[in-house]
Amino acid sequence: MKAKERAKPPAKSSTRVRPARLEDWPTLCGLLHEVEELHSRIWPSFFRNHGAPAWSPERLRDAIAASDESVQIAEEDGLVVGLVHATAFDTPEQPALVRTRRVHVDDLVVAPRARRRGVGRRLLRAAEDWGRQSGATQCVLTVWEGNDAAVRFYAAMSYRDLNRVLIREI
């Protein structure tokens with residue numbers, strides 16, 4: 001087989017996004033562990049890779065049942081290759097804030113073997129669609145400094161900076 005043929009990704013149509021199920025828990029934890037590893041590598045003074053599952057089965061069950069949370073996964077050929085976890089919330093009632101419903105993408109992760117094939121794009125769109133159906137008018141998320149690939153991905157998806165959180169060791 002030629003190198004060019006090996007590098008060819010599967011057709012995008014083989015990827016489907018669906019709501020997470022409780023039986024997805026082990027794979028979901030593996031994907032979330034990748035996020036923890038990345039965060040602890042780029043910000044070791046803020047995050048630690050503790051080795052325990054990121055979510056318990058009960059946490060996943062609660063998220064699946066919640067009306068203000070969405071956990072969706074991407075599958076290729078029956079294998080979970082990505083997930084997006086989002087929450088819907090209403091702006092707190094404060095005079096200086098515009099009242100609206102927003103969706104916050106808490107986690108979006110794609111397995112390394114499935115990256116650069118549109119999986120993340122499909123997951124993010126699924127979270128936005130869920131947010132719209134929940135009455136949200138905006139989607140917000142956090143990208144940690146040093147996660148340059150995520151910054152490029154979200155910029156390509158027309159996301160822009162809203163604010164900055166600064167840190168200083170004291």
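The values are calculated or read from the model by the stated rules, or taken from the named source; none is laboratory data. This structure is a prediction, so every number in the text was calculated from the model and none was measured. Positions of Cβ are backbone-derived with ideal geometry, glycine not excepted, and every protein chain shown enters the neighbour counts. Calculation scope for accessible area: heavy atoms of the full protein, side chains included, ligands and nucleic acids excluded. Shrake-Rupley method; radii C 1.70, N 1.55, O 1.52, S 1.80 Å.
Data for the structure
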quantity: Residue check for Ala114: open to solvent by less than 40 Å² (accessible area, probe 1.4 Å) and either touching a helix residue (DSSP H, G or I) at 6+ places or on another chain (Cβ under 6 Å) or closer than 14 Å to Ser70 by Cα (or both); calculated: no
quantity: Flag for Leu123 being within 12 Å of Gly82 (Cβ to Cβ), free of Cβ contacts under 8 Å to residues at least 60 places away in the same chain and surrounded by 12 or more Cβ atoms within 10 Å (Cβ to Cβ); calculated: no
quantity: Qualifying position, being touching a His at 6+ places or on another chain (Cβ under 9 Å) and at pLDDT below 95, among Ala88, Ala149, Ala54, Ala127; calculated: Ala54
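Here's the yes/no breakdown for (1) of a type in the set (D, E, K, R); (2) within 19 Å of Asp129 (Cβ to Cβ); (3) touching a Cys at 6+ places or on another chain (Cβ under 7 Å); (4) open to solvent by 30 Å² or more (accessible area, probe 1.4 Å):
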site: Cys29; (1), (2), (3), (4): no, no, no, no
site: Ala54; (1), (2), (3), (4): no, no, yes, yes
site: Ile64; (1), (2), (3), (4): no, yes, no, yes
site: Glu76; (1), (2), (3), (4): yes, no, no, no
site: Thr91; (1), (2), (3), (4): no, no, no, no
